[in-house]
1. Return the residue satisfying two criteria in turn: it lies in segment 23-71 and is modelled with pLDDT of 80 or more, within 22 Å of Gln3 (Cβ to Cβ) and of a type in the set (Lys, Arg), and of such residues it is farthest from the chain's Cα centre (by Cα).
2. Given the structure, is Gln10 part of a helix (DSSP H, G or I) and at pLDDT 80 or above?
3. Output the qualifying pairs, or none if there are none: Cβ atoms under 7 angstrom, residues six or more apart or on different chains, first residue in segment 20-39 and without any contact (Cβ under 8 Å) to a residue 40 or more places away in the chain and exposed (fewer than 12 other Cβ atoms within 10 Å of the Cβ), second residue part of a helix (DSSP H, G or I) and of a type in the set (A, V, I, L, M).
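The values are calculated or read from the model by the stated rules, or taken from the named source; none is laboratory data. What you see is a predicted model, and the numbers here were worked out from it, not measured in a lab. Here the Cβ is made from the backbone with ideal geometry for all residues, glycine too, and neighbour counts use every protein chain on show.
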Amino acid sequence: MGQARIHLDQAPSEVKELAQTFDKMLLRLFDAWEQQRLNLEPLILNDLVAEVVEMARQYSDRIRVKVVCLQ
């Protein structure tokens, strides 16, 4: 999306201006998307780590219960 451009070399000046405005809007949308993505990645990573830690804890508890039952 950051590379998207409208190229209208043979268009009337009003259409060229509209295309340039649209290109600027696409660039702003792309920048906003990238900024949001960069802001969300640490949150997603933190959630993922918390989930893995919880799964490891639950697995550890199950192993501990099996070991206690076998003794």
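1. Top of the filtered list is Lys24.
2. Details: part of a helix (DSSP H, G or I): no; at pLDDT 80 or above: yes.
Answer is no for this residue.
3. none
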